[in-house]
Amino acid sequence: MPAPRFRSRSKRRIARKTPGGKVVMHYVARQPSKAVCGVCGVDLKAVPRKNSCAMRNTPKTQKRPERPFGGVLCSSCMRRYLIFENRNKE
């Protein structure tokens, strides 16, 4: 019987074979989904896949790229938006 903290489907179950030949279950925390662009939905580069506890201890400069809309829009959508805004200023 697994320990009570492992009795939920929030943990991934991985079968591992020990050196003695027995197969045991390892319980591993699931990895969060990748961050996606708010416009086109493509996976964002330079945004780590960490759970909320690990992200809280990560420096701000490592959580998202250093550019406008970093961590929200991909670079091509950001570039397209800034060009659109500059054209409509006049």
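Values in this text are rule-based calculations from the coordinates and carry no lab data. This one's a predicted model, so the numbers in the text were calculated from it and none came from an experiment. So basically every Cβ, Gly included, is an ideal-geometry build from the backbone, and we count neighbours across all protein chains shown.
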Label-point separation, Ile14 to Lys60 (7 Å along Cα→Cβ), nm: 3.4
The chain: angle of helix 75-87 to the longest principal axis, Cα-based, in degrees nearest 10: 20
Normalised per residue, the volume inside the convex hull of the alpha-carbon atoms of the chain in Å³ amounts to 149
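Taking the range 8-63, which trypsin sites (Lys or Arg not before Pro) meet the DSSP loop condition and have no more than 14 other C-beta atoms within 10 Å?
Arg9, Lys22, Arg30, Lys34, Lys45, Arg49
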Give, as ranges by residue number, the residues of the range 46-90 whose backbone N falls under 17 Å from the point 7 Å along Cα→Cβ of Gln31. 46-55
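Could you calculate the FRET efficiency of Ala3 with Val42 from 1/(1 + (r/R0)^6), where r is the beta carbon distance between them and R0 is 35 Å, rounded to 0.05?
With R0 = 35 Å, the Cβ-Cβ based efficiency is 0.30.
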